[in-house]
1. Quick one: residue B:131 ticks every box in (1) within 23 Å of residue B:42 (Cα to Cα); (2) surrounded by fewer than 20 Cβ atoms within 10 Å (Cβ to Cβ) bar one, so which box is it?
2. Only one of these is under 18 Å from residue A:165 (Cα atoms), assigned by TED's automatic domain parsing to the domain that holds residue A:63 and out of contact with any Leu (no Cβ under 6 Å at 6 or more places or on another chain): A:313, A:233, A:298, A:271. Name it.
3. For residue A:239, state whether it is closer than 24 Å to residue A:86 by Cα, assigned by TED's automatic domain parsing to the domain that holds residue A:101, in a strand (DSSP E or B) and among the aliphatic types (A, V, I, L, M).
4. Would you check if residue B:57 is away from chain A (no Cβ under 14 Å) and in contact with a helix residue (DSSP H, G or I) (Cβ under 9 Å, 6 or more places away or on another chain)?
5. Can you confirm whether segment A:34-57 contains a residue that is within 14 Å of residue A:89 (Cβ to Cβ), of a type outside the set (Ser, Thr, Tyr) and part of a loop (DSSP other than H, G, I, E, B)?
6. Which condition breaks for residue B:325 when tested against (1) over 30 Å from residue A:281 (Cβ atoms); (2) surrounded by 15 or more Cβ atoms within 10 Å (Cβ to Cβ); (3) within 9 Å of chain A (Cβ to nearest Cβ)?
7. All but one of (1) surrounded by fewer than 24 Cβ atoms within 10 Å (Cβ to Cβ); (2) over 24 Å from residue A:79 (Cα atoms); (3) facing chain B (nearest Cβ under 7 Å) hold for residue A:218; state the number of the condition that does not hold.
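The values are calculated or read from the model by the stated rules, or taken from the named source; none is laboratory data. If you're wondering where the values come from, they're calculated on a predicted model, not measured in any experiment. Reconstructed Cβ throughout: ideal geometry from the backbone, glycine too, with neighbour counts over all protein chains shown.
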2 protein chains.
Amino acid sequence: MSDVRLTLEEVRDLAMRGLRVSGVSQENATVIADVMTTAEQDGCKSHGLFRMPGYCACVRSGRVDGKIAPALHDDAPGVIRVDAQHGFAAPAMAAGRPKLAEKARAQGIATMPIVNAHHFAALWYDVDALVEDGLVAFAFVNSRSFVAPAGGIRKLYGTNPMAFGWPRPGKPPMIFDQASSASARGEIQLHLRDGHSIPEGWAIDPNGNPTTDPEAGLAGAQLPFGGHKGAAIAMMVELLAVGLTGCKFGFESAQDENTDGGPSEGGELLIAMDPARFGGTGDSTATLAHAETLFSEILQEEGTRLPSDRRYIARQQTPTEGITIPETLHKTILECCET
Amino acid sequence: MSDVRLTLEEVRDLAMRGLRVSGVSQENATVIADVMTTAEQDGCKSHGLFRMPGYCACVRSGRVDGKIAPALHDDAPGVIRVDAQHGFAAPAMAAGRPKLAEKARAQGIATMPIVNAHHFAALWYDVDALVEDGLVAFAFVNSRSFVAPAGGIRKLYGTNPMAFGWPRPGKPPMIFDQASSASARGEIQLHLRDGHSIPEGWAIDPNGNPTTDPEAGLAGAQLPFGGHKGAAIAMMVELLAVGLTGCKFGFESAQDENTDGGPSEGGELLIAMDPARFGGTGDSTATLAHAETLFSEILQEEGTRLPSDRRYIARQQTPTEGITIPETLHKTILECCET
């Protein structure tokens, strides 16, 4: 199977065409195409054009509204709620982000619940613009039920990623974005496809026994990272992204699912803080310079790196080198671009 | 070695006497005695009277100011900063908590950095009153450098616990409080004392090799829970508790240490959210009732429990049964109570 090489402009054009033809509005398609293009630019293939067929299929099936505009609700001085109105999360995120940043600067801290949203983007993308803008930010999003609670054997929590970002003057921000599960579900699926066994600790079979068989693991439940502590993080994400926002827990939305490959409907919670409002000086220069000493301490040892560094290396290379996708994916995407 | 049985009233009296004699003000001693008494009541021995000698010694050595009153600074509508002024964190927490709750209700979300504080209490205690009061709350606190960063072998991060609490109407709150390290440092010390090897994954020796020898592990570095994901959590706690508050990172405060057994000076960050301010209804009843369905789903499986449940079982028993401490500890505490 050979690969197709594309420039980032070609990635964006393909994404726009496919989304528009599938029934996504110009405004929403612009945002979603940027998510996929930025992911390809950063070498984050799992959230790049790989997602294109899913985006298009769930709009075509009518499960996700590609044309709807998000609605903003100013719930409190520190709370801006964005109702995605059963559309994708990315346009909701884009619509609310400036207001969240404004509130964070005014109040010191602010939060943005996103409700009735289909989240299909990389979570680091959601905090990236806020953190580039000098804010400290968290994001929490739930997913379908795949992960067993501590002590349990049934799928209950989503793979529930959380992201956290810290601004770095003159440098791209430190951002981590990590699932609460030991592995991505897609990694287990890749092991199954390639006939490989999965590492211990990733999943249990339907009887709750540890398994290295990817098929049994997919039928059973994924395990949280780091045992009961990771399970606590998964529960926290479920409570923040769903409980606090008033959306559906993974176990409640299972019945709404079809097989179009798109994301389930759920909630997301963003929290943004302005470091300039901590300490009474109105200036974040000293705070951010101080944090750089921690990063220097981390990086002075061989073998260490900051969580986002790999993305930033790719970010430098892809604008000139372009990106590649498998020919089969390219063909599917071209099909998405036809009426 | 036999145990001494005490009522909770006797615990509180002993704590008060020892703290007062050691040079802690009546007001500060009242708060700190409540931390230790509540820990004993909840069966959380590691933060009960076990801490008494450390509290007394670091006041007697002059490293911690037991008499200082915390100072509150209203940095922003959503930020109340408490300067512990080189005293213990618990009185700072108690002084700022009502203002943090007031701000969270007014703004929807608020944060409380605590600076120049010696944190020696259980972190769940810090969120407990906020969550009992109907708020969702986070707490992050740093400690001395004990934990290696991802890919590194040197002690850099603290064991850096985070706590998260969710209110439950008519029930004690769901609260988890977990270190970012795979194990508590004290657990490794107990294994050393008892001549046991430690499990793999807890620590590396000074050369960076995995070790099951507690002595080598204490000399080397502790490992984060859950590999690089736990390391990211440890880094996040360091950035929130220290970076954002403007205190000293663990690697910076090492030079200020002595051997009095008390805590290092650092920072803490609390975040509180009012669920009634999410969704525009002004009422959290439906939100909290909905979250109960998640807890029910978790608990319907045999073998599961919520993170704080063990404490709440003890909480019911100790008021009538009392608690026990080793006779040697009791003797040391009585010595603390002498001039």
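1. Exception for residue B:131: condition (2).
2. Going through A:313, A:233, A:298, A:271 in turn, the sole match is A:313.
3. no
4. yes
5. Among the residues of segment A:34-57, not one is within 14 Å of residue A:89 (Cβ to Cβ), of a type outside the set (Ser, Thr, Tyr) and part of a loop (DSSP other than H, G, I, E, B), which makes the answer no.
6. If we test residue B:325 against (1) over 30 Å from residue A:281 (Cβ atoms); (2) surrounded by 15 or more Cβ atoms within 10 Å (Cβ to Cβ); (3) within 9 Å of chain A (Cβ to nearest Cβ), just (3) comes out false.
7. (3)
This table checks each residue for (1) within 9 Å of chain A (Cβ to nearest Cβ); (2) touching a residue at least 40 places away in the same chain (Cβ under 8 Å); (3) surrounded by fewer than 24 Cβ atoms within 10 Å (Cβ to Cβ).
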| residue | (1), (2), (3) |
| --- | --- |
| B:71 | no, no, yes |
| B:77 | yes, no, yes |
| B:80 | no, no, no |
| B:85 | no, no, yes |
| B:94 | no, yes, yes |
| B:104 | yes, yes, no |
| B:115 | yes, yes, no |
| B:119 | no, yes, no |
